[in-house]
Each structure stands twice: as structure tokens, then as C-alpha cells.
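Read the structure below first, then the notes.
The values are calculated or read from the model by the stated rules, or taken from the named source; none is laboratory data. No experiment lies behind these values; they were computed from the predicted model shown. Here the Cβ positions follow ideal geometry from the backbone for every residue, glycine too, while neighbour counts run over all protein chains shown.
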Amino acid sequence: MALNASTTLPYDPATVLGVFTDEGFVRHMSEHVGGTLESLTVDGDTGGAFTLTAVRTMPTGRLPDMARKFVGETLSVTQTEQWSAPTADGSREATLQMTVAGVPLTVAAVQRLIAQGTDTVVDLQGNVSSSIPFLGSKIAGAAEPMIGKALNVQAAEARTWLESH
């Protein structure tokens, strides 16, 4: 299933990236959707190219019943983001991979922080796939809108976070 989401924040890319890599914010986002942040690691200096890995335990309550029966009450989700160094205008790009322990569901995407004047466009383009026979397309189809909504929730929460910190 195709994954496409985009939103704009009234901050420069460095500020947005600073929030997206802040452990307090990542923990807040995990808890905001009913999950827990198990670990967050940043390999490299965020001023250049670096890799961020977040492992979360997420509830499955919003999945369709048939999917929840297959995966259980919670999922362990690992998200790996390989960020490029900033361009001259501060824009950034990350190759994003999400895997779910014990479930053949993957997300492969590119997330961009695009400088646009004093704002940043947060753009995510990718695919959600599952290789489960018969149910794979239904599970991927159910996951895709939730991931798109998560980007919009993340942007709204980032704005609130920046205004209060």
C-alpha cells in the first residue's frame, strides 16, 4: 500500500529535526498513542549524517479484529531512520524502515524535511507491505492510514512541544 503524508511546521528544518530526535519528545509521542518507548539510540552527530533507532511497544487496539487475533495485544516496532547531512538550505532526508517483531509487516519510506522560507514541509513517501498469505494486503491496508495519521499527529505534537519548551 502506498504511504503518502505531508504537513508544514512553522520552524526551520534544524529545529524540527531537533524535536524529532529528542528522547523526551519521542517518549511523549509513544505514550501519546498508547505505547511505550523501549529504547532510542542516535548513532552519529545530528549536525551531519546519522542514524536514529527507536524501539516501541505499541497497542493493537486500533487494528481490525482479524489482525489483532493474529498479532496479539501489543507489537514491538523498530523504526530506523538514516538521515543525510543537511543541504545548504538546511533540508534533510531520511530513509525510514519500520519492522514489527514476529509479524511480516514492513514500512519502507523516505521522509524529507524541506526548507520553505521560515517553515519546514515534513513529507513522507513510501510503502507498507505484509507477506502474510491472504491477510497481508488487509493488514498493510489497515496500517497505512494509521501511519499517515501518525505523521500528522507527530507534527501537531511537535508544534505544541516547541511552543511549551
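Remarks
- Here VAL55 passes the criteria (1) crowded, with 17+ Cβ neighbours inside 10 Å; (2) modelled with pLDDT of 95 or more; (3) under 24 Å from THR7 (Cβ atoms); (4) within 13 Å of the chain's Cα centre (by Cα) except the one numbered (3).
- In the range 117-165, the residues that are of a type outside the set (Val, Ile, Thr), loosely packed, with under 13 Cβ neighbours inside 10 Å and modelled with pLDDT of 85 or more: GLY117, GLU163, SER164
Results for (1) more than 23 Å from SER84 (Cα to Cα); (2) part of a helix (DSSP H, G or I); (3) in contact with a His (Cβ under 7 Å, 6 or more places away or on another chain), shown as yes or no for each residue.
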position: THR7; (1), (2), (3): no, no, no
position: LEU17; (1), (2), (3): no, yes, no
position: SER30; (1), (2), (3): yes, yes, no
position: GLU38; (1), (2), (3): yes, no, no
position: THR41; (1), (2), (3): no, no, no
position: GLY48; (1), (2), (3): no, no, no
position: VAL55; (1), (2), (3): no, no, no
